[in-house]
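K.L.:
There's a structure below that I have some questions on.
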Amino acid sequence: MFNKVFYTIVIITFIFFSVGFFLPKTVHVERAVDIQRPAATVFTLVNSFRSFSAWSPWLQRDPDLDLVISGPQSGKGARMTWRGDPRLVGAGTQEIIESTPWTLVRTRMKIEQMG
């Protein structure tokens with residue numbers, strides 16, 4: 001009886017860790033939202049992290065969030081680094097990697113710590 005339980009636990013553990021080797025190392029998340037405002041208004045807000053506090057829910061989740069904005073004022077290369085409560089917002093960086101006026105703002109986000 002003990003042998004069956006032991007081998008079952010070993011097999012389940014092996015399967016659990018084996019699955020991890022087949023999972024991707026990165027994740028791609030893409031979201032689209034229909035906003036009933038002029039494109040210029042929306043683009044101006046999301047193309048600069050300097051106006052981040054006007055529209056982002058992160059600061060509402062953790063008012064003590066340490067936020068550092070660097071790089072250009074807006075557009076490609078603009079960067080935001082944050083560090084906050086790991087249970088709420090964690091720590092990481094977000095950088096604008098592509099910006100096409102009125103139509104596209106693409107960012108890359110790296111989450112370094114999240115509870």
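K.L.:
Suppose the filter is modelled with pLDDT of 85 or more and outside any loop (DSSP other than H, G, I, E, B); does I35 pass it?
P.N.:
Spelling it out, it is not the case that I35 is modelled with pLDDT of 85 or more and outside any loop (DSSP other than H, G, I, E, B).
K.L.:
Here is a follow-up. Applying the selection to the range 48-89, what residues are buried (at least 17 other Cβ atoms within 10 Å of the Cβ), modelled with pLDDT of 90 or more and in a loop (DSSP other than H, G, I, E, B)?
P.N.:
Passing the criteria: S48, S74, A78, G84.
K.L.:
Would you tally the residues in the range 59-75 being touching a residue at least 24 places away in the same chain (Cβ under 8 Å) and within 16 Å of E95 (Cα to Cα)?
P.N.:
4
K.L.:
With E95, E112 as the choices, which residue is closer than 15 Å to F52 by Cα and part of a strand (DSSP E or B)?
P.N.:
Residue meeting the stated conditions: E95.
K.L.:
Within the range 20-39, can you find the residues that are of a type in the set (A, V, I, L, M) and either over 18 Å from T100 (Cα atoms) or surrounded by 10 or more Cβ atoms within 10 Å (Cβ to Cβ) (or both)?
P.N.:
Once the filter is applied, which keeps residues that are of a type in the set (A, V, I, L, M) and either over 18 Å from T100 (Cα atoms) or surrounded by 10 or more Cβ atoms within 10 Å (Cβ to Cβ) (or both), the range 20-39 yields L23, V27, V29, I35, A39.
The values are calculated or read from the model by the stated rules, or taken from the named source; none is laboratory data. Here the structure is a predicted model, which is why all the values come from computation and not from measurement. With ideal geometry, Cβ positions are generated from the backbone for all residues, glycine too; neighbour counts draw on all protein chains shown.
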